[in-house]
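Please read the structure below before turning to the comments.
The values are calculated or read from the model by the stated rules, or taken from the named source; none is laboratory data. Being a predicted model, the structure only gives us computed values, none of them experimental. Cβ atoms come from the backbone with ideal geometry, glycine included; neighbour counts cover every protein chain shown.
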Amino acid sequence: MKTDTPEIKTVRALRVGEQARHALSDILARGDVHDPVLEKHLVTITEVRMSPDLRHATVFVKPLLGKDEEKVLKALRTNTAYLQREVATRVQTRYAAKLKFVADESFDEGTHIDTLLRDPHIARDLSED
């Protein structure tokens, strides 16, 4: 008898996503991936979103200062098989999740919004005077 409600599945996906994020961060921080591009760049894993069945994971990444983002993404995608194996051994799930690496644009959006809010015309409209 299955008792998994949608809420339990969502919590599980969030928990497994966070475990995968920690595992990937640790792998990259230790330099376990022998790739010249990844060895030269500090990469932040900002989030891992798991599918409800935990078979697919979207990994949001941001290289330090946004430098060489495309090169870093290409290097991560080249080493996907190795990273999937490593995450599967560290995060105990029934299936090894397929990893998909994408650039995290949230920092850029936040910077854009901050810039807009600092604009004198908009700041004037937001003030209480």
Practice task
Would you mention how many residues in segment 61-80 are buried (at least 16 other Cβ atoms within 10 Å of the Cβ), not hydrophobic (A, V, I, L, M, F, W, C) and not in a helix (DSSP H, G or I)?
Solution key: 3
Fill in the blank from the handout: Of the residues in segment 81-92, those that are in a helix (DSSP H, G or I) and touching a residue at least 40 places away in the same chain (Cβ under 8 Å) number 5
Problem - Arg49 at negative phi, part of a helix (DSSP H, G or I) and at pLDDT 90 or above - result: no
Completion exercise
With the first residue restricted to segment 14-30 and required to be buried (at least 19 other Cβ atoms within 10 Å of the Cβ), and the second required to be of a type in the set (D, E, K, R) and in a helix (DSSP H, G or I), Cβ contacts under 8 Å at 6 or more apart or on different chains are Ala23/Glu86; Ala23/Arg90; Ile27/Glu86
Problem - Number of the condition not met by Ala96 [criteria: (1) surrounded by 14 or more Cβ atoms within 10 Å (Cβ to Cβ); (2) not in a loop (DSSP other than H, G, I, E, B)] - result: (2)
